[in-house]
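See below for the structure under consideration.
Just so you know, all these numbers are worked out from the coordinates, no wet-lab data involved. Note that this is a predicted model, so its numbers are computed, not measured. Reconstructed Cβ throughout: ideal geometry from the backbone, glycine too, with neighbour counts over all protein chains shown.
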Amino acid sequence: MTDSDDVVAGLPRVAVGVGALSRAAVVAVARDGAGVELTAEAEDAVRASRKVVEALADDPVPHYGVSTGFGALANRHIPAGLRAELQRSLVRSHAAGSGPEVEREVVRAMQLLRLSTLATGRTGVRLGTARGYAALLTAGIMPVVAEYGSLGCSGDLAPLAACALALTGEGLVRDVDGVRRPAAEALATAGIEPVTLREKEGLALINGTDGMLGMLVLACHDLEMLLRTADITAAMSVEALLGTDAVFAADLQALRPHPGQAASAANLRALLAGSGVVASHRHPGCTRVQDAYSLRCSPQVHGAVRDTVAHAVTVAERELAAAVDNPVVLPDGRVESNGNFHGAPVAYVLDFLAIAVADLAGISERRTDRHLDVARSHGLPAFLADDAGVDSGYMIAQYTQAALVSELKRLAVPASVDSIPSSAMQEDHVSMGWSAARKLRRAVDGLTRVIAIELLTAARSLDLRRPLEPAPATAAVRAALRGTVPGPGPDRHLGPEIDAAVEVVASRQALAAAESVLGPLS
């Protein structure tokens with residue numbers, strides 16, 4: 001039915017089968033543009049469940065989603081001649097989103113995860129419909145999905161309906177080149193035949209947690225990198241502020257056996273190994289008894305965030321193994337209604353992550369502030385300025401960081417406690433998981449910027465400690481930053497330097513530099 005296999009030549013393919021997708025597969029399709037293909041096992045499962053649905057379509061007894069209306073209209077029996085129109089109307093009416101476009105990687109993740117559920121054989125769609133959905137992904141055709149519209153009740157109805165609408169040749173899409181076009185035109189260019197939906201198919205295409213789950217998977221992927229990078233910037237701050245690494249000793253950390261704390265402390269020990277700055281004040285005459293919490297308690301805070309991410313990953317992997325639809329076709333041939341589409345399990349961890357992200361950013365900002373204050377920086381110039389008074393140094397960079405941290409605190413307010421009833425009280429308790437996911441995306445971006453400003457600040461402080469030399473690993477990170485951001489000197493336009501530091505963090509350059517010396521960090 002499609003020539004789309006040749007549209008995006010050279011891209012790797014992700015196999016979509018009856019089992020769970022890996023998180024890596026989601027990232028590969030969503031962010032890297034990989035194509036997809038259904039496995040033979042998945043195609044067999046789809047065919048088998050479709051036979052069940054087609055048998056029910058001929059049954060005079062009403063069956064939800066097959067021969068009835070939806071939601072509060074589920075009590076109406078729909079005659080056979082109107083059922084194609086029923087599915088078409090369902091998709092058109094539910095594609096009711098509004099606002100700015102959702103990012104390409106989010107839409108592709110959502111498309112992939114819906115395809116994964118179709119491939120389980122629990123939804124009852126036709127094989128051609130599943131293949132058509134796969135063809136859209138492989139051709140790089142991205143339905144235009146609006147920001148607002150999902151309550152996370154029967155999953156992400158409005159966003160998924162926008163994706164389903166594109167499959168039928170309606171609505172707007174962006175093609176592989178990012179050009180916004182009518183769906184019918186883009187499908188024709190790709191050689192993809194629009195799908196005319198039949199019994200239950202419209203419902204199967206829109207009833208899932210795929211949007212919020214896709215954003216959770218992408219956020220966990222980014223946070224795993226940012227946590228290791230936060231350990232790097234914390235180590236640089238400990239060094240540059242003449243802190244001690246003694247508190248990170250393994251035997252001390254083992255007294256409180258949280259796995260995230262142990263991993264973070266191990267990273268800090270490795271990152272600070274061989275530091276000439278730390279060695280310079282490691283002698284009996286040093287009067288420093290203990291460092292401030294933002295330095296000394298870095299493993300405890302970073303570790304708690306790590307453990308929160310680990311819990312979120314567990315929830316995400318369970319959801320990746322789920323077949324979320326209503327009703328579902330069971331292996332024994334029964335077709336049963338259920339509530340598995342409710343987004344609560346995903347919504348809770350999305351909110352939990354936003355809280356942890358805000359706190360991680362908060363401790364990073366407190367470390368940054370110490371570099372700039374002559375009363376606490378142990379000999380560094382005020383605001384790390386070249387000529388304090390004439391120059392302001394990084395004074396306002398910390399303002400930017402503080403503004404970000406305050407925004408992250410607002411984003412940490414949970415969305416999942418804010419249920420609101422819909423569908424004439426049929427859907428009277430909703431998860432708001434989509435909203436939780438949208439604010440987490442903003443929070444992850446804010447955290448990236450906060451960590452980047454700490455990197456910028458700590459690197460300058462280490463420069464100002466010369467002739468003392470940092471540890472080999474932190475020196476490599478500083479050198480990576482210096483590839484785009486010059487060292488200390490009179491004030492320069494600071495905004496572009498902050499943006500350059502953000503790129504060094506977001507592109508994993510900072511992490512790669514440290515790991516080029518130490519090997520993989522925990």
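Positive end of the charge dipole of the chain (Lys, Arg +1 and Asp, Glu -1 on Cβ, about the Cα centre): tell me which of A356, M110, V36 has its Cα farthest that way.
Highest projection toward the positive end goes to A356.
What lysines sit close enough to K51 to cross-link, taking a C-alpha to C-alpha distance under 17 Å and skipping anything fewer than 8 places away on the same chain?
Straight-line reach from K51, under 17 Å: K200.
Expected output is a single nm value to one decimal: the length gained when fully extending between A321 and T189, i.e. 0.36 nm times separation in residues minus the C-alpha distance. What is it?
Value of the extension gain: 44.1 nm.
Evaluate the charge dipole of the stretch 106-243 about its Cα centre and quote only its size in Debye, nearest 20, assuming +1 on the Cβ of each Lys and Arg and -1 on the Cβ of each Asp and Glu. Write out the running numbers ahead of the final one.
Details: 11 positive and 14 negative charges, 100 e Å.
The dipole of the stretch 106-243 has a size of about 480 debye.
When each pair of different Cα atoms in the stretch 193-263 is counted once in the 1/r mean, what is the Kirkwood radius in angstroms, to one decimal?
On the way: mean 1/r = 0.0596 Å⁻¹.
16.8 Å is the Kirkwood radius here.
Which value, in debye to the nearest 20, gives the size of the charge dipole of the chain about its Cα centre, when Lys and Arg are +1 and Asp and Glu are -1 at the Cβ? Before the final figure, lay out each step's value.
Numbers: 48 positive and 59 negative charges, 142 e Å.
It comes to approximately 680 debye.
Is it possible to state the helix-based mean residue ellipticity at 222 nm for the chain, with each DSSP H run of 4+ residues giving -39500 (n - 2.57), the sum divided by total residues, to the nearest 500 deg cm²/dmol? What is it?
Values: 20 runs with 284 residues, N = 522.
So the calculated ellipticity at 222 nm is -17500 deg cm²/dmol.
Rg/Rh for the stretch 297-397 to two decimals, with Rh computed the Kirkwood way over all alpha-carbon pairs.
My calculation of the ratio gives 1.35.
Enter the Cα centre distance for the pair the stretch 243-275 and the stretch 144-219, rounded to the nearest angstrom.
If we compute the Cα centre of each part, the gap is 47 Å.
Of the DSSP beta bridges with both residues in the chain, give the percent that are antiparallel, rounding to the nearest 5. Could you put the intermediate results ahead of the total?
Details: 13 of 19 bridges.
Here the antiparallel bridges make up roughly 70 percent for the chain.
Rounded to whole Å and ordered largest first, report the semi-axes of the equivalent ellipsoid of the chain derived from its Cα gyration tensor (root of 5λ). Present the calculation step by step, with values, prior to reporting the outcome.
Details: eigenvalues 526, 96, 79 Å².
Equivalent ellipsoid semi-axes, largest first: 51, 22, 20 Å.
Can you tell me what the convex hull of the Cα atoms of the stretch 135-286 projects to on average, as an area in nm²?
Working: hull surface 58.9 nm².
For the Cα atoms of the stretch 135-286, the hull's average projected area reads 14.7 nm².
Between the stretch 502-522 and the stretch 45-60, what is the C-alpha centre distance in whole Å?
52
Could you quote the convex hull projected area for the stretch 370-512, Cα atoms only and averaged over all directions, in nm²?
Working: hull surface 45.0 nm².
Mean projected area of the Cα convex hull: 11.2 nm².
Set Lys and Arg Cβ to +1 and Asp and Glu Cβ to -1, take the dipole of the stretch 210-358 about its Cα centre, and tell me which of L268, V217, A312 lies farthest positive.
Most positive-ward Cα: L268.
Enter the mean projected area of the convex hull around the alpha-carbon atoms of the stretch 338-398, in nm², rounded to one decimal.
Working: hull surface 21.3 nm².
Approximately 5.3 nm², given one-decimal rounding.
For all pairs of alpha-carbon atoms in the stretch 413-486, what percent lies in each bin of width 10 Å, listed from the first bin to the last filled one?
Calculated P(r), rounded to whole percents: 16, 28, 16, 15, 13, 9, 3, 0.
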